[in-house]
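Student: My questions all concern the structure below.
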Amino acid sequence: MSYVIGVDFGTDSVRSIIVDVRNGKEVAAAVFYYPRWKDGLFCNPAQSRFRQHPLDYIEGLEATIRECLQQAGAAVTAEIKAISVDTTGSTPVAVDETGTPLALLPAFKDNPNAMFVLWKDHTALKEAAAINATAATFKENYLRFVGGIYSSEWFWAKLLHILRADESVRGAVHSWVEHCDWIPFLLSGGKQASQLKRGICSAGHKALFAAEFGGLPPDHFFTAIDPLLKGFTNRLFTQTYTASEAAGHLCPEWSERLGLPVSVVIGIGAFDAHMGAVGGQIAPYHLSKVMGTSTCDMLVAPMEEMKDTLVKGICGQVPGSVIPGMMGMEAGQSAFGDAYAWFSRILSWPLEQLLPASALIDAELAARLTKEATGNMIRELSRQAAAIPPEEHTELALDWLNGRRTPDADQSLKGAITGLNLATDAPRLFRTIAESTCFGAKAIVERFNREGVPVKGLIGIGGVAKKSPFIMQMMADVMNMPIRIHRSEQTCALGAAMFAATAAGLFEKVEDAMEAMGQGFETTWYPDVQRTSIYEKRYAEYKALGAFTASITIH
């Protein structure tokens with residue numbers, strides 16, 4: 001009997017699960033919602049600034065694992081062999097020489113620039129533009145393995161923005177660390193930033209690490225972008241590890257905090273979508289779509305079949321970033337579930353603003369009515385939108401409400417809705433927003449196919465995939481491909497558990513863990529042939545609208 005713990009750090013919360021390695025059965029689960037994030041602290045959506053305090057992560061890590069152990073009981077706790085984590089990304093933080101995030105120091109405890117810069121933070125637009133402009137002047141193409149365009153969502157752009165924006169942080173920062181690399185360092189009792197083990201997942205997809213460059217690009221490349229980056233590579237890393245390897249063992253401090261022995265192995269961390277693809281039993285050339293607030297789309301292919309193929313406009317292709325020994329490719333959309341939530345908030349405004357001021361009901365009833373209505377909003381919108389048949393010429397939207405991640409990253413782009421008339425109502429608007437997110441997903445598949453990496457199947461995982469039959473049917477119709485929905489409710493945490501079992505030596509390779517611990521697929525959505533031709537025509541209009549909107553966007 002052996003058990004492992006998978007920890008999934010999401011945007012709003014952290015989830016931990018205990019899994020039986022013999023069959024992948026989940027024996028305990030716990031969720032912790034970040035209290036500071038929930039209160040909107042340290043964020044400014046109007047400036048696209050989204051920061052998270054490390055205490056949210058630390059408190060959530062301890063609370064969820066302890067709760068899981070309490071649920072599972074002493075017999076299971078005694079057989080815990082390993083812990084692995086996944087996180088959002090790129091979500092880096094400034095640390096001192098000891099590897100401590102600056103926000104954990106008294107002088108920086110309320111400074112957003114000393115906190116984790118969340119994946120959806122777009123304050124580094126100018127810095128990303130500077131990286132792209134400088135890279136174009138070099139003979140060596142240092143961006144070729146990240147799709148040719150560097151994003152404001154990523155490691156170096158965010159570092160440069162913080163260095164430019166905050167002199168106090170600039171003077172105190174020693175190194176720059178991804179969330180998925182810092183948590184294993186914390187659990188294993190790391191004392192020096194120089195000892196921090198970096199995963200190939202974060203290093204390759206966000207930090208420009210590649211064997212062809214001998215590691216990170218040279219210092220003179222970064223100095224050419226901005227002298228503030230001079231010498232920074234010397235304080236980062238020269239070696240990376242796959243998520244199937246161990247970062248160390250549980251340190252005495254965390255052993256006591258969690259009630260687990262120091263023999264517990266701590267695995268190398270990775271991004272949520274990459275581990276989620278493994279938890280969702282990814283297969284070569286089958287696009288694994290993690291569908292939540294945004295989407296992350298993962299594709300793996302045998303190295304010998306990829307040869308010298310480079311896919312332009314995606315979020316990178318990195319050997320071993322998903323499955324060791326295979327090429328891992330990442331794409332995605334900056335807003336997916338966030339687009340639906342945005343529209344729901346628009347409709348909820350009268351309830352939240354006017355009901356509490358009503359003279360007809362008391363404050364308690366107003367609050368209850370608001371909670372009930374907002375809780376049912378997307379469900380009812382989906383029900384009514386599903387009854388509206390697609391038409392060739394009707395409302396049309398762009399899904400770039402938080403910029404465009406892929407294909408061809410450009411976070412300065414904005415969403416749009418056109419074709420409105422006096423018959424346009426809330427269900428129709430919701431339908432066209434949902435349709436736009438499916439069109440954005442189709443653009444990613446189209447790019448892979450065009451660049452010589454065929455997408456042969458679709459796998460849906462995550463909250464939207466599990467909870468929205470309306471959107472999944474539309475996705476199948478727009479893609480004109482079946483989409484299989486994975487059975488697991490927690491594919492990211494399950495993937496982390498699979499990697500934990502592999503890092504602990506319970507399986508020789510992660511594919512063996514996938515086979516033993518995988519939960520399989522619960523349903524498949526097939527395209528409606530009567531709708532696919534209509535969506536094909538509307539997709540052409542979507543692309544035309546996108547080209548026009550991009551042409552008038554002020555960069």
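Student: Looking at (1) surrounded by fewer than 24 Cβ atoms within 10 Å (Cβ to Cβ); (2) farther than 22 Å from A210 by Cα, which is the only condition N132 fails?
Tutor: Here N132 meets the rest and fails (2).
Student: Any residue in the range 113-124 that is in the same structural domain as F155 (by TED's automatic domain parsing) sitting within a Cβ distance under 6 Å of a residue that is of a type outside the set (A, V, I, L, M) and assigned to a helix (DSSP H, G or I)? List the pairs, counting only those 6 or more apart or interchain.
Tutor: Hits for this filter: A114/F108; F116/H179; V117/K158; T123/H161; A124/K158; A124/H161.
Student: Here's a follow-up. Please go through (1) crowded, with 24+ Cβ neighbours inside 10 Å; (2) under 18 Å from G462 (Cβ atoms) for V318 and return the number of the only condition it doesn't satisfy.
Tutor: Evaluating V318 over (1) crowded, with 24+ Cβ neighbours inside 10 Å; (2) under 18 Å from G462 (Cβ atoms) leaves (2) as the failure.
Student: For A128, state whether it is at pLDDT below 95, in a helix (DSSP H, G or I), farther than 30 Å from I18 by Cβ and under 23 Å from the mean Cα position of the chain (by Cα). Break it down stepwise before answering.
Tutor: Numbers: at pLDDT below 95: no; in a helix (DSSP H, G or I): yes; farther than 30 Å from I18 by Cβ: yes; under 23 Å from the mean Cα position of the chain (by Cα): yes.
No: the conditions fail for A128.
Student: Also, quick follow-up: When you check F499 against the structure, is it of a type outside the set (V, I, T) and crowded, with 24+ Cβ neighbours inside 10 Å, yes or no? Please lay out each step first, then the result.
Tutor: On the way: of a type outside the set (V, I, T): yes; crowded, with 24+ Cβ neighbours inside 10 Å: yes.
Yes: the conditions hold for F499.
Student: Yes or no: L458 in contact with a helix residue (DSSP H, G or I) (Cβ under 8 Å, 6 or more places away or on another chain) and of a type in the set (A, V, I, L, M, F, W, C)? Lay out the reasoning, then the answer.
Tutor: Numbers: in contact with a helix residue (DSSP H, G or I) (Cβ under 8 Å, 6 or more places away or on another chain): yes; of a type in the set (A, V, I, L, M, F, W, C): yes.
For L458, the condition - in contact with a helix residue (DSSP H, G or I) (Cβ under 8 Å, 6 or more places away or on another chain) and of a type in the set (A, V, I, L, M, F, W, C) - is met.
Student: Also: Among P527, P469, which is crowded, with 16+ Cβ neighbours inside 10 Å and either assigned by TED's automatic domain parsing to the domain that holds W400 or of a type in the set (A, V, I, L, M) (or both)?
Tutor: Numbers: P469 fails: crowded, with 16+ Cβ neighbours inside 10 Å.
Just a single option satisfies the conditions, and that option is P527.
Student: Tally the residues that are touching a residue at least 40 places away in the same chain (Cβ under 8 Å), surrounded by 16 or more Cβ atoms within 10 Å (Cβ to Cβ) and assigned to a strand (DSSP E or B), restricting the search to the range 21-70.
Tutor: Residues flagged as touching a residue at least 40 places away in the same chain (Cβ under 8 Å), surrounded by 16 or more Cβ atoms within 10 Å (Cβ to Cβ) and assigned to a strand (DSSP E or B) within the range 21-70 amount to 7.
Student: I would also like to ask the following. Looking at E253, E304, which one is farther than 30 Å from A426 by Cβ, part of a helix (DSSP H, G or I), free of Cβ contacts under 8 Å to residues at least 40 places away in the same chain and outside the structural domain of S468 (by TED's automatic domain parsing)?
Tutor: Working: E253 fails: free of Cβ contacts under 8 Å to residues at least 40 places away in the same chain.
Only one candidate passes the filter, namely E304.
Student: Sticking with this structure for a sec: Suppose we filter the range 449-466 for residues that are charged (D, E, K, R) and either part of a loop (DSSP other than H, G, I, E, B) or assigned by TED's automatic domain parsing to the domain that holds M275 (or both); how many remain? So that I can check it myself, show each step before the final result.
Tutor: Applying the first criterion (charged (D, E, K, R)) to the range 449-466 yields 450-451, 456, 466.
Subsequent filtering for residues that are either part of a loop (DSSP other than H, G, I, E, B) or assigned by TED's automatic domain parsing to the domain that holds M275 (or both) retains 451, 456.
The total comes to 2.
The values are calculated or read from the model by the stated rules, or taken from the named source; none is laboratory data. Since this is a predicted model, take the numbers as computed values, not measurements. A quick note on method: Cβ atoms are made from the backbone with ideal geometry, for glycine too, and the neighbour counts reach across all protein chains shown.
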